[in-house]
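The values are calculated or read from the model by the stated rules, or taken from the named source; none is laboratory data. Just so it is clear, the model here is predicted, and its values are computed rather than measured. Cβ coordinates were reconstructed from backbone atoms using ideal geometry, including for glycine residues, and neighbour counts include every protein chain displayed.
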Amino acid sequence: MKKFNLESLVRPNVWAMSPYSSARDEFTDFDKEMIFLDANENPFENGVNRYPDPQQRKLKSLIAVQKKVTISQILLGNGSDEVLDLIFRAFCTPAKDNIISLPPTYGMYKVLCATNDIENREVLLSRDFQPDIAAILKEVNEQTKLIFFCSPNNPSGNLIDIEKIEKALRSFNGLVIIDEAYIDFANATSWVQRLSEFPNLIVTQTLSKAYGMAGIRLGLCFASQEIISILNKIKPPYNVNDLTQERAYNRVSDQIGINNEIISIIANREVLSKVLLEVNFVEEIIPSEANFLLARVDNATARYDQLIAKGIVVRNRSTQPLCENTLRFTVGTPEENKLLIHALKELS
């Protein structure tokens with residue numbers, strides 16, 4: 001890999017621009033007892049009459065300690081989808097550049113390509129849901145800016161081999177994004193711990209899965225200070241509201257409660273996996289390091305409809321490459337899993 005040059009990847013207009021400077025960027029000590037007449041806010045206190053901290057300093061400070069990174073290596077977004085969109089907008093020139101995604105994978109990569117007018121070069125995973133790095137690198141040209149790895153992968157649930165991602169990081173002079181939405185359920189170390197090794201590495205995570213906060217929409221991005229500063233240039237000034245910041249801080253502070261829920265989900269995942277193997281219409285269970293299981297069945301559409309009739313909604317993933325006749329089962333509470341297991345046995 002030749003010397004990594006971040007400037008060559010950034011859209012020229014983004015590199016040259018100055019970010020919007022809000023009132024809360026110019027005066028940051030707004031927790032002090034001051035009279036704030038700088039932001040044209042409603043002065044009557046109701047708990048949310050003031051603009052939120054645009055850099056979410058209190059929340060980032062907590063996350064930085066837990067993830068063993070610096071605040072300058074963190075970007076927070078209105079869900080991971082905003083974070084991913086910012087990456088596209090900062091580094092990919094519409095109608096010119098391309099990215100590489102690895103189906104079957106998270107569908108928003110393809111949607112964001114279409115939204116931003118970026119070519120999506122798809123390289124299928126193997127039958128065991130692992131990437132072919134040689135095939136990926138063969139698709140790379142001068143306009144390739146991003147390669148996306150989802151690990152654990154959605155919808156298959158498996159981790160992507162470390163050696164394969166390392167080879168991509170060392171061989172590709174663009175940015176490698178590792179989507180770790182499900183990493184908290186995996187027996188693996190987050191790639192966040194290796195940011196210092198790879199200047200072209202971006203890691204995204206979320207509070208929607210293990211943290212149980214899908215409703216507040218908070219996504220996390222970890223990268224070098226230089227990459228984060230580029231993304232901060234183009235993010236909306238107040239993209240994470242006060243209510244989200246407060247709820248996220250309280251939840252992230254409760255590591256014992258979070259870990260107990262993760263332990264429960266993993267234990268129930270193993271129970272569900274064993275039961276599914278005993279169901280006569282289930283042909284295969286893909287080994288999972290996420291909070292769901294992908295099962296290959298005899299007739300996914302028919303089985304999906306049968307479960308709907310019993311009041312249970314799962315996900316039919318059969319339209320995805322390599323996922324013919326598959327259903328994806330999210331691991332629920334112990335009570336929900338018992339109802340699912342009972343329904344499956346009735347259908348056997």
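Just a few scattered comments:
- Hits in the stretch 56-111 - residues which are outside any helix (DSSP H, G or I), under 19 Å from residue 235 (Cβ atoms) and without any contact (Cβ under 8 Å) to a residue 60 or more places away in the chain: 94
Matching residues to (1) β-branched (Val, Ile, Thr); (2) surrounded by fewer than 17 Cβ atoms within 10 Å (Cβ to Cβ); (3) not assigned by TED's automatic domain parsing to the domain that holds residue 87:
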residue	(1), (2), (3)
243	no, yes, no
286	yes, no, yes
298	no, yes, yes
319	yes, yes, yes
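- Restricting attention to the stretch 123-146, the residues that are closer than 19 Å to residue 94 by Cβ and either among the basic types (Lys, Arg) or touching a residue at least 40 places away in the same chain (Cβ under 8 Å) (or both) add up to 5.
- Meets criteria (crowded, with 16+ Cβ neighbours inside 10 Å, at pLDDT 95 or above, under 19 Å from the mean Cα position of the chain (by Cα) and within 27 Å of residue 319 (Cα to Cα)) for residue 148: yes
- Taking every residue in the stretch 336-348 that is touching a residue at least 60 places away in the same chain (Cβ under 8 Å) and pairing it with any residue that is part of a helix (DSSP H, G or I) and surrounded by 13 or more Cβ atoms within 10 Å (Cβ to Cβ), at least 6 positions away or on another chain, the pairs with Cβ-Cβ distances below 6 Å are 337/268; 337/272; 341/275; 347/306.
- For the stretch 192-206, the criterion of a residue being out of contact with any strand residue (DSSP E or B) (no Cβ under 8 Å at 6 or more places or on another chain), touching a residue at least 12 places away in the same chain (Cβ under 8 Å) and aliphatic (A, V, I, L, M) is satisfied by no position.
- Qualifying residue in the stretch 132-145 (condition: modelled with pLDDT of 95 or more and in contact with a Gly (Cβ under 7 Å, 6 or more places away or on another chain)): yes
- Among residues of the stretch 148-207, those that are of a type in the set (Val, Ile, Thr), more than 24 Å from residue 270 (Cα to Cα) and in a helix (DSSP H, G or I), counted: 2
- Single residue of the stretch 1-39 satisfying the filter (part of a loop (DSSP other than H, G, I, E, B) and among the basic types (Lys, Arg)) that is surrounded by the most Cβ atoms within 10 Å (Cβ to Cβ): 11
- Residue 155 surrounded by 14 or more Cβ atoms within 10 Å (Cβ to Cβ) and within 20 Å of residue 208 (Cβ to Cβ): yes
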